[in-house]
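Q: My structure is below; once you've seen it, I'll send some questions.
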């Protein structure tokens, strides 16, 4: 009888164990890889090109993505951007960035200007970068030529234009470069964010990169 009871007890225990549901282990699928930040590629048109001005004998290189004009008003308005340029200044070349590297910002344009004032003087040429509203900056060397520099900022509600002018005498004429970044006033209506100092710095780096390729050929 003891053996019978023991067998019944063991069988009952096994049955009870079988009645208990063993939790099923479900494998957790691996997390999908994090999406890499997509950096939009910059336009390749217009293609990179070398620009030469016969009057000033200035040659410089434009990377891809810049439009060029030799007529004022086609890409921008020289007189509005280069406010301290004399009235008798002659615009020789205007180049503009044809895409927006910061589409969520208030950026509206970057311009590279080459102009000249024939039959100028060293005093008048240098004065273009010091006469108000210009703020004088330390001189810089462009194409082995020492240039005076000045900075001008203006706008109605916010700062809408920032221009750095470079002037130097070459062969009796005052040669001038203007590096200009334009923007508009942001706010709740537009939803655009003001250009940051880092973004402004990168835009001027592009312009300074063009200036760094300048060569003077001839006198």
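Listed here are the residues, each with its yes/no results for (1) farther than 23 Å from residue 196 by Cα; (2) within 23 Å of the chain's Cα centre (by Cα).
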{"position": "50", "(1), (2)": "yes, yes"}
{"position": "54", "(1), (2)": "yes, no"}
{"position": "74", "(1), (2)": "yes, yes"}
{"position": "104", "(1), (2)": "no, yes"}
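Q: Let me ask another. Condition first: assigned to a loop (DSSP other than H, G, I, E, B), closer than 20 Å to residue 59 by Cβ and touching a strand residue (DSSP E or B) at 6+ places or on another chain (Cβ under 9 Å). Can you find one or more residues in segment 137-152 that meet it? Break it down into steps so the answer makes sense when it comes.
A: Of the residues in segment 137-152, the ones assigned to a loop (DSSP other than H, G, I, E, B) are 143-144.
Of the ones still in play, those that are also closer than 20 Å to residue 59 by Cβ are 143-144.
Narrowing further to those that are touching a strand residue (DSSP E or B) at 6+ places or on another chain (Cβ under 9 Å): 143-144.
Taking every residue of segment 137-152 in turn, at least one turns out to be assigned to a loop (DSSP other than H, G, I, E, B), closer than 20 Å to residue 59 by Cβ and touching a strand residue (DSSP E or B) at 6+ places or on another chain (Cβ under 9 Å).
Q: I've got another one for you. Which residues, taken from segment 96-112, are out of contact with any helix residue (DSSP H, G or I) (no Cβ under 8 Å at 6 or more places or on another chain) and under 16 Å from residue 163 (Cα atoms)?
A: Hits for segment 96-112 are 96, 108, 109.
Q: Taking segment 80-91 only, how many residues are surrounded by fewer than 19 Cβ atoms within 10 Å (Cβ to Cβ) and either under 21 Å from residue 213 (Cα atoms) or out of contact with any strand residue (DSSP E or B) (no Cβ under 9 Å at 6 or more places or on another chain) (or both)?
A: Within segment 80-91, residues that are surrounded by fewer than 19 Cβ atoms within 10 Å (Cβ to Cβ) and either under 21 Å from residue 213 (Cα atoms) or out of contact with any strand residue (DSSP E or B) (no Cβ under 9 Å at 6 or more places or on another chain) (or both) number 1.
Q: Got a sec? Which of 174, 125 is modelled with pLDDT of 95 or more and part of a helix (DSSP H, G or I)? First the steps, then the outcome.
A: Details: 174 fails: part of a helix (DSSP H, G or I).
None of the others qualify; the one that does is 125.
Q: Here is a follow-up. Which of the residues spanning segment 132-159 are over 16 Å from residue 80 (Cβ atoms), exposed (fewer than 13 other Cβ atoms within 10 Å of the Cβ) and over 24 Å from the mean Cα position of the chain (by Cα)?
A: The answer is 132, 144, 146.
Q: Farther than 13 Å from residue 177 by Cα and not in a loop (DSSP other than H, G, I, E, B): is that true of residue 80 in this structure? Walk me through it before giving the result.
A: Numbers: farther than 13 Å from residue 177 by Cα: yes; not in a loop (DSSP other than H, G, I, E, B): yes.
Considered against the rule, which asks whether it is farther than 13 Å from residue 177 by Cα and not in a loop (DSSP other than H, G, I, E, B), residue 80 comes out as yes.
Q: Sticking with this structure for a sec: Mind checking whether some residue in segment 172-186 is exposed (fewer than 13 other Cβ atoms within 10 Å of the Cβ) and under 22 Å from residue 135 (Cα atoms)?
A: Keep residues of segment 172-186 that are exposed (fewer than 13 other Cβ atoms within 10 Å of the Cβ), which gives 172.
Next cut, under 22 Å from residue 135 (Cα atoms) only: none.
No.
Q: Taking the conditions exactly as written (in contact (Cβ under 8 Å) with a residue 40 or more places away in the chain, more than 19 Å from residue 149 (Cα to Cα) and surrounded by fewer than 20 Cβ atoms within 10 Å (Cβ to Cβ)), does residue 99 satisfy them or not? Talk me through it step by step, then tell me what you get.
A: On the way: in contact (Cβ under 8 Å) with a residue 40 or more places away in the chain: yes; more than 19 Å from residue 149 (Cα to Cα): yes; surrounded by fewer than 20 Cβ atoms within 10 Å (Cβ to Cβ): yes.
For residue 99, the condition - in contact (Cβ under 8 Å) with a residue 40 or more places away in the chain, more than 19 Å from residue 149 (Cα to Cα) and surrounded by fewer than 20 Cβ atoms within 10 Å (Cβ to Cβ) - is met.
The values are calculated or read from the model by the stated rules, or taken from the named source; none is laboratory data. Bear in mind the structure is a predicted one, so any value in this text is a computation, not a measurement. Neighbour counts run over all protein chains shown; Cβ positions are idealised from the backbone, glycine included.
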